[in-house]
Amino acid sequence: MKRGFASDNNSGIHPEILNALSAANEGHAVGYGGDELTQQAISRFKQEFGEQTDIYFVFNGTGANVLSLSTLTRSFHSVICADTAHIQTDECGAPEKFTGSKLLPVATVKGKISPEGISKYLHGFDFEHHSQPGIISISQVTELGTIYTLEEIKAITTLAHQYGLFVHMDGARIANAAVALDLPFRAFTVDAGIDVLSFGGTKNGMMMGEAVLFFNPELAKSTKYIRKQSMQLYSKMRFVSAQFL
């Protein structure tokens, strides 16, 4: 049986997920997330990340990242990220197009950025000629397969919050990080100071679907409208929710 390791996008769908899709296909259900499976999936996420978590299902990773950043930025903001970040190298400028924000790539050490690298962009606050630093984005697992330690994440979130910035985690492969760190998801996300998480499904055996998790619901008051405008609101949402369950 041939296997291609160039990308986890080349792999198939996990058999249990195929079975879940088939089971979800029985009968009719309310659309746009009003179904029982979606409510169960939301409850499951809350069990992992805390009752305060606000969850939004989307189609794909680019959509998850764009929705995360669009909610927390305005067009005069900048997004500080790794020069290897998926939002910088592989999303065809979608984050900049849909947010209007400027991406500021930081040189990495094996895919990871540090407070020292971030700090050079932390200037120009309240100066109208300068894009305002608004959010730091990190990938966990990184695009080079490396993993931020808990201490490294906390160092970045502490610095960000000190300057009034949010922190986004691109967790397209977050399941791998949980296994490698041997930690529950919330330990290196919400408990470590992450504000919004793109939780990956497609690269962990699903056919399609990602989730955007806001750990402060006050930050997500406009997210449902942005999701609709971004063409990421799936009418038959039960088929995404069933896969996550």
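The values are calculated or read from the model by the stated rules, or taken from the named source; none is laboratory data. Note that the coordinates shown come from a computational prediction; the quantities given were computed from them, not determined experimentally. In this analysis, Cβ positions are derived from the backbone assuming ideal geometry, glycine residues included, and neighbour counts consider all displayed protein chains. Areas reflect the complete protein model, heavy atoms only, side chains present, ligands, DNA and RNA absent. Shrake-Rupley method; radii C 1.70, N 1.55, O 1.52, S 1.80 Å.
Mean separation of Cα pairs under 8 Å and 6+ residues apart, divided by the residue count of the stretch 21-118: what relative contact order is that in percent?
Numbers: 88 pairs, mean separation 20.8, N = 98.
21 percent.
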Note to self: As an exercise, use a Förster radius of 30 Å and the Cβ-Cβ distance of ASN9 and LYS46 to find the FRET efficiency, rounded to the nearest 0.05.
What the structure shows: 0.55
Next item on the list: Mind jotting down the three principal axis lengths of the stretch 8-92 based on Cα atoms? Whole angstrom, largest first.
Entry: 46, 34, 24
Next item on the list: May I ask you to evaluate 6.51 cos²θ - 1.76 cosθ + 1.60, the Karplus curve with θ = phi - 60°, for each residue of the stretch 153-170 and list the ³J(HN,Hα) values in order in whole Hz, giving x for glycine and proline?
Entry: 5, 5, 5, 6, 5, 4, 4, 4, 5, 4, 9, x, 9, 8, 10, 9, 10, 7
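If we count every other residue with Cβ under 15 angstrom of GLN162's Cβ, Lys/Arg +1 and Asp/Glu -1, where does the sum land?
Numbers: positive: LYS154; negative: GLU116, ASP195.
Every neighbour counted, the sum reads -1.
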Check: Cα axis of helix 61-72 to longest principal axis of the chain: angle in degrees, 0 to 90, nearest 10?
Finding: 50
Item checked: Net +/- balance of residues flanking ALA175 in space, Cβ distance below 13 Å, scoring K and R +1, D and E -1 -> -2
Next item on the list: Sticking to Cα atoms, compute the Rg of the chain to one decimal and its Dmax as the biggest Cα-Cα distance, whole number, in Å.
Entry: 17.7, 59
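Calculate the dipole size of the chain relative to its Cα centre from +1 charges on Lys and Arg beta carbons and -1 charges on Asp and Glu beta carbons; express the result in debye to the nearest 20. Before the final figure, lay out the partial values.
Numbers: 20 positive and 24 negative charges, 87 e Å.
Roughly 420 debye, rounded to the nearest 20.
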Next item on the list: Calculate, for ASP182 and HIS28, the FRET efficiency according to 1/(1 + (r/R0)^6) with r their C-beta to C-beta distance and R0 35 Å; round to the nearest 0.05.
Entry: 0.25
Next item on the list: Beyond 20 Å between alpha-carbons counts as too far, so tell me which of LYS154/LYS224; LYS46/LYS224; LYS46/LYS97; LYS97/LYS236 fall in that bin.
Entry: LYS154/LYS224; LYS46/LYS97; LYS97/LYS236
Check: Under 19 Å from a point 7 Å along the Cα-to-Cβ line of GLN162: which residues of the stretch 170-210 have their amide N that close?
Finding: 192-195
Next item on the list: Express the carbon and sulfur contribution to the solvent-accessible surface of the stretch 170-243 as a percent, rounded to the nearest whole number, probe 1.4 angstrom.
Entry: 53
Next item on the list: May I ask which residue of ALA107, ILE138, TYR225 lies farthest towards the positive end of the charge dipole of the chain, with charges of +1 (Lys, Arg) and -1 (Asp, Glu) on Cβ and the Cα centre as origin?
Entry: TYR225
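Can you give the calculated 222 nm mean residue ellipticity of the chain, where each DSSP H run of n ≥ 4 adds -39,500 (n - 2.57) and the sum is split over every residue, rounded to the nearest 500 deg cm²/dmol? Walk me through the numbers before you get to the answer.
Details: 10 runs with 86 residues, N = 245.
Value at 222 nm, helices only, nearest 500: -9500 deg cm²/dmol.
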Note to self: Could you work out the pair-distance distribution P(r) of the stretch 110-245 from its alpha-carbon pairs, with 10 angstrom bin width and percents rounded to whole numbers?
What the structure shows: 11, 37, 34, 15, 2
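Quote the relative contact order of the chain in percent (integer), defining contacts as alpha-carbon pairs under 8 Å separated by 6+ residues.
Working: 448 pairs, mean separation 73.9, N = 245.
Here the relative contact order equals 30 percent.
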Next item on the list: Mark the label point 7 Å from the Cα of ALA107 along Cα→Cβ and return the residues of the stretch 115-141 whose backbone N is within less than 17 Å of it.
Entry: 115-122
Check: What list of ³J(HN,Hα) values in whole Hz, one per residue of the stretch 4-11 in order, does the Karplus curve 6.51 cos²θ - 1.76 cosθ + 1.60 (θ = phi - 60°) give from phi, with Gly and Pro shown as x?
Finding: x, 9, 5, 7, 6, 5, 7, 7
Notebook entry, point to check: Which value in Å does the Kirkwood hydrodynamic radius of the stretch 70-141 take, with 1/r averaged over all unlike C-alpha pairs and then inverted?
Noted result: 12.4
